[in-house]
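Working notes for the structure below.
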Amino acid sequence: MAGESMRDEMIEARRPPNAHRGVLKWLQRNLFNGPINSVVSVITIGVLIWALWPFVQWALIQADWLGDSRQACSGEGACWVFISARFESIIYGFYPEAARWRVDIVFALMAGLLAWLAIPKVPGKRWAAIIAVIGFPIAAYILLLGGHFGLMHVSTRNWGGLMLTLTVATIGIVGSLPIGIVLALGRRSKMPLVRAVSVVFIEFWRGVPLITVLFMASVMLPLFVPTEVEFDKLLRALVGIMLFWSAYMAEVVRGGLQAIPGGQEEAGKALGLNYWQRMGLIVLPQALKLVIPGIVNTFIALFKDTSLVLIIGLFDLLAIIRAGLTDSDWLGFATEGYVFAALVFWVFCFSMSRYSQYIEKRLQTGHTN
Amino acid sequence: MSRSPSGDRVALWRNPTFRAYVLQGVLLAALAALIGFIVANTMANLEARGISTGFGFLDERAGFSIPQTLIEYSGDSTYGRTFFVGLLNTLLVSALGIVVATIIGFAVGIARLSPNWLLARLAGAYVEIFRNIPLLVQILFWYFAVLQALPSPRQSLSFLEIIFINVRGLVIPDPQPLSGFAATPWALLVGIVAAIALGIYAKRRQVRTGKALPIYWLGAGLIIGTPLVVFLLTGAPLEWSIPELTGFNFSGGVRVLPELVALWLALSIYTAAFIAEIVRSGIQSVPQGQVEAANALSLPGGITLRKVVIPQAMRVIVPQLTSQYLNLIKNSSLATAIGYPDLVAVFSGTTLNQTGQAIEIVAMTMAVYLTISLVVSALMNVYNARTLLKER
């Protein structure tokens with residue numbers, strides 16, 4: 001019978017030969033496959049050990065972590081006491097202690113909304129977006145500024161630290177995207193005047209450094225409005241940041257608009273849709289989806305550049321740390337201060353860039369080689 | 001009067017051309033109103049504060065000193081002169097930054113594509129670390145945490161006893177041209193012109209006869225050799241002033257401001273992270289088939305790289321590279337945070353504080369950056385038009 005020579009089950013896969021697996025094979029294939037590569041590897045490992053080990057020793061092993069004055073620093077490694085002792089002011093700036101719970105609520109709301117928006121599995125994105133664009137700003141405004149519903153008024157002069165950095169970044173992001181979209185549409189308009197205004201606006205802001213824009217906002221904006229109008233310093237900076245970044249946003253969105261085939265709009269016309277319907281229902285949803293990575297990259301750049309507000313005298317995260325370094329009790333901790341500031345910014349920016357890469361992969365529904 | 005396809009008359013407000021005119025008219029009116037509002041308010045505010053407008057202040061005596069001046073400058077010079085001093089300092093740090101950022105950026109970008117796992121990862125880590133930290137933090141770090149922590153001049157760190165670095169900056173040898181040195185730069189110019197002419201000739205010859213000249217070697221020889229020969233023939237008229245520690249400070253050599261060093265380092269390292277990504281994506285954008293086709297034609301590796309891969313990668317790299325250079329120039333304005341006397345620091349900073357001519361000064365500063373940006377963008381458009389894929 002043929003059945004005797006037949007098997008019912010698969011032969012179990014055999015392990016690859018020893019020479020083709022394991023750490024050693026991996027090392028050989030990736031680091032030591034040839035004389036040049038071996039030399040490069042050895043040099044790289046040497047440089048890594050030479051540069052990283054002293055840093056690790058300084059930052060972690062010999063570092064001092066807790067305490068409330070510089071006596072807690074042994075002086076051998078980093079003294080993170082400098083950070084932990086003024087942690088509250090790094091987070092809240094000069095926000096009055098009794099009202100800091102309000103900032104905490106805003107932080108929590110923001111984290112919740114971000115999670116809702118960013119995690120693809122959570123349903124109700126439309127609601128999340130509506131709350132994020134309309135509900136959250138109002139709630140944050142009432143909570144942070146106070147003066148209503150029996151909340152103590154906290155002037156923006158007392159805002160500072162991470163809280164100010166996040167405020168500036170959020171308002172900058174939320175404000176610059178819609179202006180940018182309008183500018184991008186304007187730049188592609190068939191009306192010569194609309195196009196000209198958009199082009200001049202975009203090229204002007206893209207051609208000058210943010211710092212001169214902030215200077216302009218802080219010294220020239222008060223001249224532009226009637227004398228009676230009080231122009232808050234924070235508001236001035238925000239206006240400058242929004243105008244500046246909306247131009248960059250417009251160019252990103254324009255890239256997306258150009259990638260949508262003209263047939264899409266023509267089809268909309270054939271269906272009798274008007275301009276805003278064609279843009280809002282057909283072109284923009286496709287274009288914005290295409291440029292999500294570019295938009296997130298602009299967000300990252302905006303977030304990094306919020307640190308420039310220190311030059312016009314606002315106390316963001318970096319400025320608070322820098323102010324702490326000039327405190328006569330804490331001279332000589334510049335390295336700790338700036339490394340910490342760098343770490344905080346890095347964590348935010350790096351997670352944003354990773355998220356953008358993840359979204360890019362998720363939205364990649366086409367087939368590329 | 002326009003008509004619908006069926007021949008009926010269409011209401012005027014449904015006519016797209018008419019609507020476009022109305023919309024633009026409204027936009028124009030709104031813009032004019034806004035500008036009028038701003039101008040009227042500004043006039044009223046300036047009058048209330050007693051500030052006179054105009055550029056007359058540029059001829060007034062500045063009365064402050066600047067630590068680094070590439071052109072002659074003293075406290076008696078005018079505000080107009082501070083503008084040029086600041087502008088030159090901006091251009092100096094930008095030029096230095098562009099050179100070093102390009103070198104580091106290309107090295108890191110190529111290293112990211114290395115078959116060596118460790119080197120590729122290390123280059124990747126460099127990019128991810130430095131592009132995600134704000135430039136301002138990096139500038140402050142290099143200036144306050146690294147350069148301000150260096151020893152005093154007496155305990156300077158030195159390299160071969162020629163270059164010294166200490167808390168007051170970097171001291172490097174200073175070349176002192178003697179009489180007769182002027183011939184050497186001219187010889188360099190002649191060498192460059194000759195090399196270009198040779199290049200044109202070699203190309204024509206290759207088209208005509210199919211024979212190639214070793215143009216890279218000959219060109220390098222002309223550009224380096226001509227000035228060298230002239231330099232030696234005129235009796236090597238150049239002396240180096242070597243820095244020397246005398247008392248508490250150095251005599252001889254040139255002192256480079258620590259602010260310049262910090263700004264230079266930070267700008268180069270930060271921009272290099274972006275350039276590295278551009279270089280990597282540029283090289284990766286050349287389809288593998290191009291290299292395979294070159295191999296099939298049995299072109300040697302070097303020629304494949306030089307004639308097939310690099311020209312195609314450059315078409316992707318150059319436009320983005322230029323925009324990074326522009327970013328670097330604009331970012332050099334962060335100098336004001338550590339007190340390097342660039343355009344923004346001396347002009348939008350000190351001069352504005354002293355004269356109060358906010359509008360004129362901010363406008364002039366912006367105009368400088370805007371001019372640089374627009375000129376470079378225009379050149380870039382020309383380049384793009386020339387290297388655009390010819391679609392037939």
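The values are calculated or read from the model by the stated rules, or taken from the named source; none is laboratory data. Only a predicted model underlies this, so the values are computations on that prediction, with no experimental measurement involved. Cβ placement follows ideal geometry from the backbone for every residue including glycine, while neighbour counts extend to all protein chains displayed. Side chains included, ligands, DNA and RNA excluded: accessible areas come from the protein's heavy atoms. Shrake-Rupley method; radii C 1.70, N 1.55, O 1.52, S 1.80 Å.
Quick notes on this one:
- Accessible area of chain A divided out per residue, in Å², using a probe of 1.4 angstrom: 55 Å²
- Complex-versus-alone comparison for segment A:174-201, residues with a loss of 50 Å² or more in accessible area, probe 1.4 Å: A:MET191, A:LEU193
- For a label point 7 Å along the Cα-to-beta-carbon line of B:GLN176, residues of segment B:248-278 with backbone N under 19 Å: B:249-256
- The mean sequence distance of close C-alpha pairs (under 8 Å, at least 6 residues apart), as a share of the length of chain B, puts its relative contact order at 21 percent.
- Accessible-area value, B:SER285, 1.4 Å probe, nucleic acids and ligands omitted, Å²: 50 Å²
- Considering helices alone, the calculated mean residue ellipticity of chain A at 222 nm is -20000 deg cm²/dmol, with DSSP H runs of length four and up weighted by -39500 (n - 2.57) and normalised per residue.
- Accessible surface buried by the A/B pair amounts to about 4600 Å², both sides summed, 1.4 Å probe.
- A 1.4 Å probe, protein heavy atoms only, puts the accessible area of B:VAL229 near 80 Å².
- The protein assembly as shown: Cys lacking any partner C-beta under 4.7 angstrom: A:CYS349
- Three semi-axes of the equivalent ellipsoid, chain A, Cα gyration tensor, whole Å, largest first: 43, 38, 22
- Calculated FRET value between A:GLN286 and B:ALA107, using beta carbons and R₀ = 30 Å, to 0.05: 0.15
- With at most 15 other Cβ atoms within 10 Å, longest stretch of chain A clear of loop GluC sites (Glu not before Pro) (DSSP): A:77-227
- Annotation for segment B:286-392: GluC sites (Glu not before Pro) lying in DSSP loop with at most 13 further Cβ atoms inside 10 Å of their Cβ are B:GLU391.
- Span-rule helices in chain B, defined as complete DSSP H runs reaching 30 Å or more along the axis (Cα) with Kyte mean at least 1.0: B:16-49, B:79-112, B:258-284, B:358-387
- The share of accessible area on chain B that comes from carbon and sulfur is 67 percent, using a 1.4 angstrom probe.
- Solvent-accessible area, 1.4 Å probe, carbon plus sulfur percent, for segment A:152-197: 71 percent
- Chain A: relative contact order in percent, alpha carbon pairs under 8 Å with at least 6 residues between: 16 percent
- Kyte-Doolittle mean at least 1.6 and Cα axial length at least 18 Å: DSSP H helices in chain A: A:35-56, A:161-187
- According to the calculation over all Cα-Cα pairs in the protein assembly as shown, the P(r) per 10 Å bin from zero is 2, 9, 18, 23, 21, 14, 8, 3, 1, 0, 0, 0 %.
- Among the chymotrypsin sites (Phe, Trp or Tyr not before Pro) in segment A:120-176, those located in a DSSP loop and surrounded by at most 14 other Cβ atoms within 10 Å of their own Cβ are A:PHE149.
- Using the Cβ-Cβ distance between B:LEU12 and B:VAL376 with R0 set to 45 Å, the FRET efficiency works out to roughly 0.45.
- Put a plus charge on the Cβ of each Lys and Arg, a minus charge on the Cβ of each Asp and Glu, and nothing anywhere else: the dipole of the protein assembly as shown about its Cα centre is then about 3280 debye.
- Estimated distance in nm for a label pair at B:ILE192 and B:LEU70, the labels positioned 7 Å out from Cα along Cα-to-Cβ: 1.5 nm
- Convex hull volume per residue, computed on the Cα atoms of segment B:256-392, equals 129 Å³.
- Accessible area in square angstrom per residue, chain B, 1.4 angstrom probe: 55 Å²
- Solvent exposure, largest accessible area first (probe 1.4 Å, DNA, RNA and ligands not counted), of A:ARG14, B:ARG168: A:ARG14, B:ARG168
- Loop-located trypsin sites (Lys or Arg not before Pro) across segment A:84-165 with a Cβ neighbour count of 14 or fewer within 10 Å are A:LYS121, with loop assigned by DSSP.
- Most positive-pole-ward Cα, B:GLY124, B:ALA48, B:ASN15, against dipole of segment B:1-129 from beta carbon charges: B:ASN15
- Segment B:161-314, dipole about Cα centre (Lys/Arg Cβ +1, Asp/Glu Cβ -1), debye to the nearest 20: 980 debye
- Delta accessible area of at least 40 Å² on complex formation, residues of segment B:356-383, 1.4 Å probe, chain isolated as reference: B:ILE359, B:VAL362, B:MET366, B:LEU370
- Point-to-point label distance, A:TRP65-B:LEU31, nm (Cα→Cβ direction, 7 Å offset): 6.1 nm
- Accessible surface comparison of A:ARG236, A:ARG362, B:ARG204, probe 1.4 Å, protein chains only, largest first: the order is B:ARG204, A:ARG362, A:ARG236.
- Percent breakdown of C-alpha pair distances by 10 Å bin, ordered from the shortest bin, for chain B: 4, 13, 20, 23, 19, 11, 7, 2, 1, 0
- Taking only protein heavy atoms and a 1.4 Å probe, the accessible area of segment A:63-134 is 68% carbon and sulfur.
- Applying Stokes-Einstein at 20 °C and 1.002 mPa s to the Kirkwood radius of segment B:1-136, computed over alpha-carbon pairs, gives a translational diffusion coefficient of 95 µm² s⁻¹.
- FRET efficiency for A:MET152 and A:ILE105, using Cβ-Cβ distance with R0 set to 25 Å, rounded to 0.05: 0.95
- Helix-derived mean residue ellipticity, 222 nm - over chain B, DSSP H n ≥ 4, -39500 (n - 2.57), to 500: -20000 deg cm²/dmol
- Segment B:174-241 shape via C-alpha gyration tensor axes, a/c threshold 1.5: prolate
- Distance from segment A:83-111 to segment B:297-363 (C-alpha centre basis), Å: 38 Å
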